[in-house]
Amino acid sequence: MKINKHGCDLNSCMLCRLCLKDWLPAIEANKQNFHIKKGQQIFHEGDPVEGMYFIYSGTVKVHKKWDKEKELIIRFAKKGDILGHMGLGDEAIYPVTTTALEPTIVCYISMNFFESTLRVNNELTYRLMRFFAGGLQDSEKRMRNLVHMPVKGRIAQSLITLKNQFGINNEGAINIELTRQDLSSFAGASYETLFKVINELVDERIAEVSGKSIRIVNEAALKQLTEVADL
């Protein structure tokens, strides 16, 4: 990682938004800003936890090994999000890998300073607790879907999740461009199955595809494919 001299604005990420204003000078004195190249890892699964990362700009995938040859993308993170929190605990290792999908700037603070920040800033601690709870619920639902939902439903749910998180661009497409491999890893499907299902969605006029861009044409029909998860 290369140190970024421009730095963050002490306003964009969860850390700065929720801390006491009087604590911002302490953050300024203890943070480091790094520029991450596209495809570069920020930390790797199994690395010792040394600190927390907050995204100032860019998009990052959070993923882990599924088996020897496959990976499962847990989530995508964007500006303002936190990375590294899944490593909090007695083992103090990162259980996931994070990789930049585009040039990204992150703000890093050491674990010692992060723990001091939590002790001083009650609102941040409370909101982080709620963030953990929401993440746990999402993970439980995701694991249930991987077991019980047909693969076409998982792919449909992945497209809906991406649209809800990143919105749409001026052309009406989901505002994130992913390789088909990353999309299949997010949906928990093989590349070949994803390719087949995407073609089916296009034939059924549920979605449109142009290169890496995907536009949802019939969201109601897409949601119907996910309803098995609520059974």
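The values are calculated or read from the model by the stated rules, or taken from the named source; none is laboratory data. The structure displayed is predicted, hence computed values, not measured ones. Note that we place each Cβ from the backbone using ideal geometry, even for glycine, and neighbour counts take in every protein chain shown. Ligands, DNA and RNA are stripped out before the accessible areas are found, and what is left, the full protein with its side chains, is counted by its heavy atoms. Shrake-Rupley method; radii C 1.70, N 1.55, O 1.52, S 1.80 Å.
In deg cm²/dmol and to the nearest 500, what is the mean residue ellipticity at 222 nm of the chain if only DSSP H runs of at least 4 residues count, each as -39500 (n - 2.57), divided by the residue total? Kindly include the intermediate steps, with their values, before the conclusion.
On the way: 8 runs with 92 residues, N = 231.
One gets -12000 deg cm²/dmol as the mean residue ellipticity at 222 nm.
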Using a Förster distance of 45 Å, the FRET efficiency for GLU69-LYS21 (Cβ separation, nearest 0.05): 0.35
Built amide H within the under 5 Å cut-off of ILE74, gap 5+: VAL62, HIS63, LYS64
Candidates TYR108, TYR53, TYR126, ranked by Gaussian network fluctuation over the chain, Cα under 10 Å, top entry: TYR126
Mean separation of Cα contacts under 8 Å (6+ apart) over length of the chain, as relative contact order %: 19 percent
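How large is the accessible surface per residue of segment 180-231, computed with a 1.4 Å probe and reported in Å² as a whole number? Write down the numbers at each step before the final one.
Working: 2980 Å² over 52 residues.
Per residue, segment 180-231 has 57 Å² of solvent-accessible surface.
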Linear extension gain, GLN41 paired with SER190, 0.36 nm per residue minus alpha-carbon span: 51.3 nm
Backbone HN-Hα couplings from phi across segment 120-127 [Karplus 6.51/-1.76/1.60, Hz, Gly and Pro as x]: 8, 10, 5, 5, 4, 4, 5, 5
Cα gyration tensor of segment 82-132 - equivalent ellipsoid semi-axes, whole Å, descending: 21, 14, 12
Residues whose placed amide H lies under 5 Å from that of PHE43, excluding near-sequence neighbours: THR98
Listed residues ILE105, ASN164, PHE76: farthest to the positive end of the dipole of the chain (Cβ charges): ILE105
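Once the Cβ-Cβ distance between ARG205 and ALA29 is put in as r, and R0 is 41 Å, what FRET efficiency do you end up with, to the nearest 0.05?
Numbers: r = 56 Å, r/R0 = 1.36.
So the FRET efficiency works out to roughly 0.15.
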Cβ-based net charge around ILE27, under 13 Å, with every Lys or Arg adding one and every Asp or Glu removing one: 0
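Kirkwood Rh, segment 1-72, all Cα pairs: how many Å? Numbers along the way, then the final one.
Details: mean 1/r = 0.0694 Å⁻¹.
After inverting the pairwise mean of 1/r, the radius is 14.4 Å.
Quick check: residue separation of ASN218 and ASP138 times 0.36 nm, minus the Cα distance between them. What number comes out in nm?
Working: separation 80, 0.36 × 80 = 28.80 nm, distance 2.43 nm.
Computed gain between ASN218 and ASP138 is 26.4 nm.
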Modelled FRET efficiency - R0 22 Å, ARG119 with GLU50, Cβ distances, 0.05 increments: 0.70
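Hey, any idea what % of the chain's accessible area is carbon plus sulfur with a 1.4 Å probe?
Working: 6350 of 12770 Å².
Carbon with sulfur: 50 percent of the solvent-accessible area.
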Selected from LEU83, LEU101, LEU118 as most flexible by GNM, with the chain as the system and alpha-carbon contacts under 10 Å: LEU118
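Starting from the Cα gyration tensor of segment 20-112, take the square roots of the eigenvalues, sort them a ≥ b ≥ c, and report rounded, prolate or oblate (rounded when a/c is under 1.5, otherwise prolate if a/b is larger than b/c, else oblate). Mind dumping the intermediate values first?
Working: a/c = 2.40, a/b = 1.46, b/c = 1.64.
It comes out oblate by the Cα gyration axes.
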